[in-house]
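One structure below.
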Amino acid sequence: MTHGPRLTPLAASLPAAVPFVGPEAQERARGRAFAARLGANENTFGPSPKAIAAMAQAASDVWMYGDPENHDLRAALATHHGVTPGNIVVGEGIDGLLGYLVRLCVGAGDAVVTSAGAYPTFSYHVSGFGGALVTVPYDGDHEDPVALVAKAAEVDAKLVYLANPDNPMGTWHDAATVQRMIDAVPEGCLLVLDEAYLEFAPEGTAPVIDPADPRIIRMRTFSKAYGMAGARVGYAIGAAPLITAFNKIRNHFGMCRISQAGALAALQDQGYLAQTQANVAAARARIDAIARENGLSTLPSATNFVAIDCGADSRFAKAVLAELIARDIFVRMPFVAPQDRCIRLSAGRPEELDLVAAALPKALAAARKTTS
């Protein structure tokens, strides 16, 4: 007699893995905490004090489920973006919404196009629902909108994914470039435009929102600029029929009422957002200065992290990363060549970057010894 769960053939074929190894797991393996947590693109400046107060107040009511319609937050987001609530779905971060979207659109064997080395959680969802992932290379250190659309047409893709600004490189395309991509999306394909870092980008990065355009869905989050990664609040803006379709499969009670209250208060505190944007810009400049002091260069960034070019190959970059981790600085790096010549640091607080400034020269020296 056979006991245990009878997994589907697809589930049985997949590795039991997660896209990222969290810093907590690394700390458990190391037996000590990191002194600076700068590897997960978290906003170490934190959320608005008004958001913290709203979440604290909501905690006493946590015996109740959150509003399954996310009514107040959707209404506020609609006003903020000049659309209707029917154009917005709220979910458990962009990661959760990507999973729902793939479930809605992708069946076994359906083609999905992304960039080799782009945000891996999207690819994880595609594999999890049996889609056929097709990749194109970066163009330099930028995702390639022209190549992505061309490949989508070639393979009759259901979805094509672009992050703008990009993760993991921090680079970006201007609004005109993205709009040309939207206009070129082949029939029957949906552009998934991940704008998680948009609040950190220069003016003119995002094309104007057309909520009726059925060719595109735009993903936004409270995890980055609003400093609420642990609350898991993301939202998508799209044409009403697609947004309504999420109600067919989403977890209607997936949003915690504490998170809902915090996101609403954060959205209403645009003054604090502006302060965070200034703090992040200063931190990016500091990371660039630290890199240059050590003979390295950085990629221009429109995000809350900076990719540092270690000036050699993946082997050397991995050695630098390992030496920083050994010195209690949590960082990550891209997975695919040639972007994996870089390491990536979040735009941390001044005291965190002081630790980086002290550790990086030693990490580089040690890495050169081990790779020479």
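So what is the 222 nm mean residue ellipticity for the chain from helices alone, if each DSSP H run of at least 4 adds -39500 (n - 2.57) and you divide by all residues, rounding to the nearest 500 deg cm²/dmol?
-13000 deg cm²/dmol, from helical runs alone.
Within the range 315-349, what residues put their amide N at less than 13 Å from the label point 7 Å along the Cα-to-Cβ vector of Ala116?
So the set is 335-340.
So between Ser372 and Ala326, what do we pick up on full extension, going 0.36 nm a residue minus the alpha carbon distance?
Taking Ser372 through Ala326 to full extension adds about 14.6 nm, to one decimal.
Which residue, Tyr197, Met181, Gly262, has the largest displacement toward the positive end of the dipole of the chain when charges sit on each Cβ (Lys, Arg +1; Asp, Glu -1)?
Of the candidates, Gly262 comes out farthest on the positive side.
Express in % the proportion of alpha carbon pairs of the range 221-372 at distances exceeding 23 Å.
Beyond 23 Å sits 50 percent of the P(r) for the range 221-372.
Tally up the carbon and sulfur contribution to the accessible surface of the range 253-314 as a whole percent, 1.4 Å probe, everything protein left in place.
52
Report, in whole Å, the centroid distance computed from the Cα atoms of the range 338-372 and the range 1-75.
Here the two parts' Cα centres lie 27 Å apart.
Placing unit charges on C-beta atoms (Lys and Arg positive, Asp and Glu negative, everything else neutral), compute the dipole magnitude of the chain about its Cα centre in debye, rounded to 20.
For this selection, approximately 1060 debye.
Specify the longest stretch of the chain that does not include any exposed loop site, a site being one of the GluC sites (Glu not before Pro) with a non-H, G, I, E, B DSSP assignment and at most 14 other Cβ atoms within 10 Å.
It works out to 204-372.
Under the Karplus relation 6.51 cos²θ - 1.76 cosθ + 1.60, θ = phi - 60°, what is the ordered set of whole-Hz ³J(HN,Hα) values for the range 127-144, x standing for Gly and Pro?
With coefficients 6.51, -1.76 and 1.60, one gets 5, x, 9, x, x, 9, 7, 10, 10, 10, x, 5, 9, x, 10, 10, 4, 10 Hz.
Lysine pairs in the chain with alpha-carbon atoms under 29 Å apart, 8 or more places apart or on different chains: how many are there?
7
Rounded to the nearest whole Å², what accessible area per residue is found for the chain with the 1.4 Å probe?
On a per-residue basis, the chain sits at 43 Å².
The values are calculated or read from the model by the stated rules, or taken from the named source; none is laboratory data. This is a predicted model, so every value here is computed, not measured. When we count neighbours, we look across all protein chains shown, and the Cβ atoms used for this are built from the backbone with ideal geometry, even at glycine. Quick note on the areas: whole protein, heavy atoms, side chains included, nothing else; ligands and nucleic acids left out. Shrake-Rupley method; radii C 1.70, N 1.55, O 1.52, S 1.80 Å.
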